[in-house]
Amino acid sequence: MKNLRLLVLFSASCVLVTGLEAPLTSAASGEPAKGKLIYETNCLICHGARGKGDGLIGATLRPPPADLTGPKARATSDKDLLTVIRDGRAVMPAWKSRLKDQDIENVLAYIRSLGE
Ligand code: HEC
């Protein structure tokens, strides 16, 4: 009986721990409203107002900026998109030295909200 109670306690704490960990690794911890300003200041020029990759200079780039609302981006995990934003890729600049980690998560949360 005592063992059963321990088991229940153990499983409950596992659920709690995994439940707490999840938001730290996903855009769930970002705030879209705060990300909007970051996006408009730093990303809109290439990715466009709606994230379609049709920003003012975006159209001139090869490869063109990704459509952040398209099926490919939506199928990509938050973790992988965060890596691209932090480290950059091709002509996409790296942002980790320019934006705080929390701002990068906020901007991803905003990008995710564009597709809705
Ligand atoms: C100078 C233009 C430019 C700016 C500014 C820029 N990007 Fe990009 N971005 C690109 C290009 C070009 C690609 C595609 C790179 C490739 O295909 O390898 C890209 C790709 C991405 C991707 C990957 C999408 C995918 O489907 O894999 C994300 C996410 C992204 N950008 C987010 C951002 C965010 C957030 C900002 C602002 C903080 C930003 N970008 C600013 C040009 C830009």
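The values are calculated or read from the model by the stated rules, or taken from the named source; none is laboratory data. Please read all numbers here as calculations on a predicted model, not as lab measurements. As a convention, Cβ positions derive from the backbone with ideal geometry for all residues, glycine included, and neighbour counts pool all protein chains shown. When the accessible area is computed, the model is the full protein with side chains, heavy atoms only, and any ligands, DNA or RNA have been set aside. Shrake-Rupley method; radii C 1.70, N 1.55, O 1.52, S 1.80 Å.
Can you return the aspartates and glutamates within cross-link range of Lys52? Criterion is Cα-Cα under 20 Å, with same-chain partners fewer than 8 residues away left out.
In chain and number order, the partners are Glu40, Asp67, Asp78, Asp80, Glu105, Glu116.
Keeping the other protein chains in place, figure out the carbon and sulfur percent of the accessible area of region 37-116, with a 1.4 Å probe.
On the way: 2790 of 4750 Å².
Of the solvent-accessible surface of region 37-116, carbon and sulfur hold 59 percent.
Give the lysines whose C-alpha is closer than 19 Å to that of Lys96, dropping any in the same chain fewer than 8 places away, or say none.
Cα-Cα hits under 19 Å: Lys34, Lys36, Lys79.
What FRET efficiency do you get for Ile57 and Lys34 if R0 is 25 Å and r is their Cβ-Cβ distance, rounded to the nearest 0.05? Spell out each step's value before the answer.
Numbers: r = 25 Å, r/R0 = 0.99.
That pair, Ile57 with Lys34, gives E of 0.50.
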